[in-house]
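The values are calculated or read from the model by the stated rules, or taken from the named source; none is laboratory data. From a predicted model like this one, the values you see are computed outputs, not experimental measurements. When we count neighbours, we look across all protein chains shown, and the Cβ atoms used for this are built from the backbone with ideal geometry, even at glycine.
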Amino acid sequence: MRVLKHISDLLSQPEKEWQLISEKKQGVKALFIGYLMPLLLIPVAAIILGWGLVGETYSGELGFLYTKGWDIGIQNALIYVLRVLATLFLSAVIMGHIMPVFKVEIDFINTLRLLTYAWTPIFLTGIFLINPKWAWVQLPGVIYALVLLHYGAQPMTKVATPARTSFVVATSFVVVTVYAIAHLVFSSVVLSMRLSAAPLPG
(Lines give C-alpha, C1' and ligand atoms only; values in the text may rest on other atoms or scores of the structure.)
Protein backbone atom coordinates (compact mmCIF):
# COMPACT_ATOMS: atom_id res chain seq x y z
CA MET A 1 0.00 0.00 0.00
CA ARG A 2 1.40 3.37 -1.07
CA VAL A 3 0.56 5.15 2.20
CA LEU A 4 2.42 2.55 4.26
CA LYS A 5 5.50 2.87 2.05
CA HIS A 6 5.39 6.66 2.38
CA ILE A 7 5.21 6.34 6.16
CA SER A 8 7.98 3.74 6.36
CA ASP A 9 10.37 5.67 4.10
CA LEU A 10 9.61 9.02 5.72
CA LEU A 11 10.45 7.66 9.16
CA SER A 12 13.47 5.55 8.17
CA GLN A 13 15.07 7.65 5.41
CA PRO A 14 13.53 11.14 5.61
CA GLU A 15 16.06 12.95 3.42
CA LYS A 16 15.45 10.63 0.47
CA GLU A 17 11.68 10.53 0.94
CA TRP A 18 11.35 14.30 1.24
CA GLN A 19 13.17 14.67 -2.05
CA LEU A 20 10.68 12.32 -3.70
CA ILE A 21 7.76 14.16 -2.10
CA SER A 22 9.05 17.53 -3.33
CA GLU A 23 9.21 16.23 -6.91
CA LYS A 24 5.70 14.79 -6.79
CA LYS A 25 2.73 16.74 -8.12
CA GLN A 26 -0.12 16.46 -5.62
CA GLY A 27 -3.23 18.57 -5.16
CA VAL A 28 -5.21 19.20 -1.98
CA LYS A 29 -7.77 16.49 -2.80
CA ALA A 30 -5.10 13.85 -3.46
CA LEU A 31 -3.24 14.79 -0.28
CA PHE A 32 -6.44 14.75 1.77
CA ILE A 33 -7.83 11.44 0.49
CA GLY A 34 -4.58 9.62 -0.23
CA TYR A 35 -2.59 10.46 2.89
CA LEU A 36 -4.20 12.71 5.49
CA MET A 37 -7.48 10.84 5.96
CA PRO A 38 -5.97 7.33 6.33
CA LEU A 39 -3.60 8.64 9.01
CA LEU A 40 -6.33 10.62 10.76
CA LEU A 41 -8.28 7.37 11.20
CA ILE A 42 -5.65 6.15 13.69
CA PRO A 43 -6.17 8.78 16.42
CA VAL A 44 -9.88 9.11 15.62
CA ALA A 45 -10.51 5.39 16.15
CA ALA A 46 -8.34 5.45 19.29
CA ILE A 47 -10.22 8.42 20.77
CA ILE A 48 -13.65 6.87 20.15
CA LEU A 49 -12.59 3.51 21.57
CA GLY A 50 -10.78 5.14 24.48
CA TRP A 51 -13.75 7.14 25.68
CA GLY A 52 -16.23 4.41 24.80
CA LEU A 53 -14.41 1.60 26.59
CA VAL A 54 -11.98 3.18 29.07
CA GLY A 55 -13.09 6.68 29.97
CA GLU A 56 -11.35 8.95 32.45
CA THR A 57 -11.63 9.88 36.11
CA TYR A 58 -11.56 13.52 37.18
CA SER A 59 -11.11 14.87 40.70
CA GLY A 60 -13.09 17.89 41.83
CA GLU A 61 -14.82 19.54 44.75
CA LEU A 62 -17.43 16.79 44.87
CA GLY A 63 -14.87 13.99 44.75
CA PHE A 64 -14.04 11.79 41.79
CA LEU A 65 -16.10 11.92 38.61
CA TYR A 66 -15.87 9.04 36.14
CA THR A 67 -16.60 10.05 32.57
CA LYS A 68 -17.17 7.48 29.86
CA GLY A 69 -19.36 7.11 26.78
CA TRP A 70 -19.41 6.56 23.04
CA ASP A 71 -21.05 9.95 22.52
CA ILE A 72 -18.18 11.64 24.37
CA GLY A 73 -15.70 9.67 22.25
CA ILE A 74 -17.35 10.77 19.01
CA GLN A 75 -17.48 14.40 20.14
CA ASN A 76 -13.81 14.36 21.18
CA ALA A 77 -12.83 12.66 17.91
CA LEU A 78 -14.71 15.37 16.00
CA ILE A 79 -12.90 18.06 17.98
CA TYR A 80 -9.59 16.37 17.17
CA VAL A 81 -10.30 16.23 13.43
CA LEU A 82 -11.46 19.84 13.26
CA ARG A 83 -8.49 20.95 15.35
CA VAL A 84 -5.96 19.16 13.14
CA LEU A 85 -7.53 20.29 9.84
CA ALA A 86 -7.82 23.89 11.04
CA THR A 87 -4.22 23.83 12.25
CA LEU A 88 -2.81 22.44 9.02
CA PHE A 89 -4.80 24.65 6.65
CA LEU A 90 -4.58 27.91 8.63
CA SER A 91 -0.88 27.40 9.38
CA ALA A 92 -0.24 26.88 5.66
CA VAL A 93 -2.05 30.16 4.91
CA ILE A 94 -0.14 32.07 7.61
CA MET A 95 3.21 30.62 6.54
CA GLY A 96 2.48 31.86 3.03
CA HIS A 97 2.75 35.41 4.38
CA ILE A 98 5.88 34.63 6.39
CA MET A 99 7.83 32.84 3.65
CA PRO A 100 9.22 36.06 2.07
CA VAL A 101 11.08 36.75 5.31
CA PHE A 102 13.17 33.65 4.58
CA LYS A 103 13.44 34.56 0.87
CA VAL A 104 11.35 31.53 0.00
CA GLU A 105 8.61 31.26 -2.60
CA ILE A 106 6.27 28.33 -2.04
CA ASP A 107 2.59 27.96 -2.81
CA PHE A 108 -0.18 26.98 -0.41
CA ILE A 109 -0.39 23.32 -1.43
CA ASN A 110 3.32 22.64 -0.95
CA THR A 111 3.27 24.36 2.45
CA LEU A 112 0.28 22.20 3.37
CA ARG A 113 2.12 19.10 2.15
CA LEU A 114 5.18 19.99 4.20
CA LEU A 115 3.11 20.33 7.37
CA THR A 116 0.96 17.26 6.70
CA TYR A 117 3.81 14.87 6.00
CA ALA A 118 5.80 16.25 8.95
CA TRP A 119 2.76 15.51 11.15
CA THR A 120 3.04 11.78 10.35
CA PRO A 121 4.58 10.59 13.67
CA ILE A 122 1.94 12.53 15.62
CA PHE A 123 -0.79 10.69 13.75
CA LEU A 124 0.92 7.36 14.40
CA THR A 125 1.39 7.94 18.12
CA GLY A 126 -2.28 8.89 18.19
CA ILE A 127 -2.91 5.17 18.76
CA PHE A 128 -2.06 5.82 22.43
CA LEU A 129 -5.15 8.02 22.72
CA ILE A 130 -7.01 4.76 23.20
CA ASN A 131 -6.47 5.59 26.87
CA PRO A 132 -7.31 9.26 27.57
CA LYS A 133 -4.59 9.35 30.25
CA TRP A 134 -1.91 8.39 27.73
CA ALA A 135 -2.01 11.59 25.65
CA TRP A 136 1.47 12.51 26.93
CA VAL A 137 2.90 9.45 25.16
CA GLN A 138 2.53 11.42 21.92
CA LEU A 139 5.49 13.60 22.96
CA PRO A 140 8.08 11.46 21.06
CA GLY A 141 5.85 11.80 17.99
CA VAL A 142 5.83 15.58 18.36
CA ILE A 143 9.63 15.65 18.69
CA TYR A 144 10.12 13.50 15.62
CA ALA A 145 7.64 15.69 13.72
CA LEU A 146 10.03 18.58 14.34
CA VAL A 147 12.88 16.44 13.01
CA LEU A 148 10.88 15.67 9.87
CA LEU A 149 10.03 19.35 9.45
CA HIS A 150 13.73 20.14 9.65
CA TYR A 151 14.56 17.53 6.98
CA GLY A 152 11.68 18.61 4.75
CA ALA A 153 12.20 22.36 4.92
CA GLN A 154 14.93 22.53 2.30
CA PRO A 155 13.60 20.19 -0.40
CA MET A 156 10.06 21.55 -0.07
CA THR A 157 10.81 25.28 0.22
CA LYS A 158 14.40 25.63 -1.05
CA VAL A 159 15.16 27.71 2.04
CA ALA A 160 18.86 28.53 2.40
CA THR A 161 20.74 26.26 4.80
CA PRO A 162 21.68 29.06 7.27
CA ALA A 163 18.00 30.06 7.55
CA ARG A 164 16.60 26.55 7.86
CA THR A 165 16.63 26.40 11.66
CA SER A 166 14.96 29.81 11.92
CA PHE A 167 12.37 28.67 9.39
CA VAL A 168 11.60 25.53 11.40
CA VAL A 169 11.30 27.53 14.63
CA ALA A 170 8.94 30.06 13.01
CA THR A 171 6.84 27.32 11.45
CA SER A 172 6.64 25.42 14.74
CA PHE A 173 5.55 28.58 16.57
CA VAL A 174 2.78 29.21 14.03
CA VAL A 175 1.54 25.61 14.18
CA VAL A 176 1.53 25.45 17.99
CA THR A 177 -0.25 28.81 18.28
CA VAL A 178 -2.93 27.91 15.72
CA TYR A 179 -3.38 24.48 17.31
CA ALA A 180 -3.88 26.00 20.78
CA ILE A 181 -6.43 28.52 19.48
CA ALA A 182 -8.28 25.85 17.47
CA HIS A 183 -8.39 23.59 20.53
CA LEU A 184 -9.82 26.39 22.66
CA VAL A 185 -12.45 27.35 20.08
CA PHE A 186 -13.72 23.88 19.20
CA SER A 187 -13.63 22.65 22.80
CA SER A 188 -15.64 25.69 23.90
CA VAL A 189 -18.24 25.09 21.19
CA VAL A 190 -18.69 21.42 22.14
CA LEU A 191 -18.80 22.29 25.85
CA SER A 192 -21.55 24.82 25.16
CA MET A 193 -23.48 22.20 23.21
CA ARG A 194 -23.18 19.73 26.08
CA LEU A 195 -24.35 22.27 28.65
CA SER A 196 -27.32 23.36 26.52
CA ALA A 197 -28.33 19.72 26.06
CA ALA A 198 -28.03 18.90 29.78
CA PRO A 199 -31.35 18.64 31.68
CA LEU A 200 -32.14 21.53 33.99
CA PRO A 201 -32.15 20.73 37.75
CA GLY A 202 -35.54 20.25 39.33
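One table, with the values for the structure above:
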read-out: Filter result (aromatic (Phe, Trp, Tyr), in contact (Cβ under 8 Å) with a residue 24 or more places away in the chain and over 19 Å from HIS6 (Cβ atoms)) within the stretch 136-190; value: PHE167, TYR179, PHE186
read-out: Number of positions in the stretch 140-177 that are of a type in the set (A, V, I, L, M, F, W, C), surrounded by fewer than 20 Cβ atoms within 10 Å (Cβ to Cβ) and modelled with pLDDT under 90; value: 2
read-out: Hits in the stretch 96-116 (condition: closer than 30 Å to ALA45 by Cα, more than 10 Å from the chain's Cα centre (by Cα) and of a type outside the set (S, T, N, Q)); value: PHE108, ILE109, LEU112, ARG113, LEU114
read-out: Among residues of the stretch 1-16, those that are assigned to a helix (DSSP H, G or I) and closer than 20 Å to MET37 by Cα, counted; value: 10
